Amino acid sequence: MKALNTMKLQFEGRSVNEGFSRTAVAAFLAQLDPTVEEVSDVKTAVSEAVTNCIVHAYRDSLGIVYITAGILPDNRVVIKIRDKGCGIPDVKKAMEPLFTTAPEEERAGLGFAVMESLMDRVKVTSQEGKGTTVVLTRKIRGKEAGV
Amino acid sequence: MAVQIEIAGEWMTARLLGDIDHHSARELRESIDSAVLTGQIRELELDFRDVSFMDSSGIGLVMGRYKLMQELGGHLRLINVAGHLKKVMILAGLDRLAVLDRPTPVKKQPELEKGEGE
């Protein structure tokens, strides 16, 4: 399905940009007139994915985080968060709740679990030494739906 | 992100302000822990009234403080947790640690300085 509108964002993987990136995606989403809950869900999922890039992918380096987002005609929003970091050797294991490789930083190991519970679909592809791409999809019903 | 800390004897309330994410969590953790340890706090209350956003970094923050209070033989309570924050907490099973208070309506309390005469 061809996107009605798209945007691209790229920024340095500094933790201060976590807030910037989720807020920027939320601002892009505003054209769909989402509910407060929908905005909060998407912001949280994006924050988890971007944090993973910064904490894990670029653990020992400073790299660039790339986000693209598109709005499809059926009101689905597709958000792609990509890094060129260390990659995940075992994606399935990384997605298990409570699995973390950074317990010293009090990482709860819930990033992917949170993404999966808040989004309709989460797709992760990764290549060791090359990087990781997370694709988040969520249908925005918006205020029109009258929940 | 900032935190306002109030201490009364062994009681401490840490009022969290703004967004809780990986970026802000470290500073919060350090401020809260140092106040708990120097003040010999046994009852810690985290007030989420002014938290605008929280991701799983907030879960790590709560679990870490829960462990700390357990080690000190004290207790942790979370108060004024709004619906959208509660969603992430319940997902993480924080409600099963029995520290999650009922959310109270989001209503600003009158400022203390204004006194009783208003």
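In table form, for the structure just shown:
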| item | result |
| --- | --- |
| Relative contact order %, chain A, counting alpha carbon pairs below 8 Å whose residues are six or more apart | 29 |
| For region A:43-108, radius of gyration divided by Kirkwood radius, i.e. Rg to Rh on alpha-carbons | 1.01 |
| Equivalent ellipsoid semi-axes, the protein assembly as shown, via Cα gyration tensor eigenvalues times 5, rooted, Å | 33, 23, 16 |
| Cα-centre dipole for the protein assembly as shown with unit charges at Cβ (Lys and Arg positive, Asp and Glu negative), debye to 20 | 1180 |
| Acute angle (nearest 10 degrees) that the helix A:17-29 long axis makes with the longest principal axis of chain A, alpha-carbon atoms | 20 |
| Local net charge near B:His22, Cβ-Cβ under 10 Å (Lys/Arg +1, Asp/Glu -1) | -4 |
| Average partner coverage of A:111-119, which counts Cβ from other chains inside 10 Å | 3 |
| Rounded to whole Hz, the Karplus (6.51, -1.76, 1.60) HN-Hα couplings of region B:29-43, x for glycine and proline | 4, 5, 5, 5, 4, 5, 5, 5, 6, 6, x, 6, 6, 10, 10 |
| Histogram of C-alpha separations across region A:87-134, 5 Å bin width, % | 5, 21, 26, 27, 17, 4, 0 |
| Residue-averaged beta-carbon neighbours from other chains (10 angstrom radius) around B:17-27 | 5 |
| Residue order, fewest to most beta carbons within 10 Å, for A:Thr132, A:Thr100, B:Thr38 | B:Thr38, A:Thr100, A:Thr132 |
| Relative contact order %, region B:15-102, counting alpha carbon pairs below 8 Å whose residues are six or more apart | 33 |
| Rh by Kirkwood over Cα pairs, then Stokes-Einstein D for chain A at 1.306 mPa s and 10 °C, µm²/s | 103 |
| Counted charge near B:Glu10, where neighbours are those whose Cβ lies closer than 9 Å (Asp, Glu -1; Lys, Arg +1) | 0 |
| Given charges at Cβ of Lys, Arg, Asp, Glu: chain A dipole, positive-most of A:Met7, A:Cys53, A:Pro34 | A:Met7 |
| Net +/- balance of residues flanking B:Ser56 in space, Cβ distance below 10 Å, scoring K and R +1, D and E -1 | -2 |
| Among B:44-50, A:107-113, B:7-13, the order from most to least packed when residues are scored by Cβ within 10 Å on average | A:107-113, B:44-50, B:7-13 |
| Antiparallel DSSP beta bridges within the protein assembly as shown, percent to nearest 5 | 70 |
| Shielding by other protein chains, A:98-109, mean Cβ within 10 Å | 4 |
| Ranked list, fewest to most other Cβ atoms within 10 Å of each Cβ, for A:Met119, B:Met54, A:Met1 | A:Met1, A:Met119, B:Met54 |
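Laboratory data are not the source of any read-out in this text; all were calculated from the coordinates shown. It should be emphasised that the depicted structure is a prediction, and the values quoted were computed from it without experimental measurement. Because the Cβ atoms are built from the backbone with ideal geometry, glycine has one as well, and the counts that use them run over all protein chains shown.
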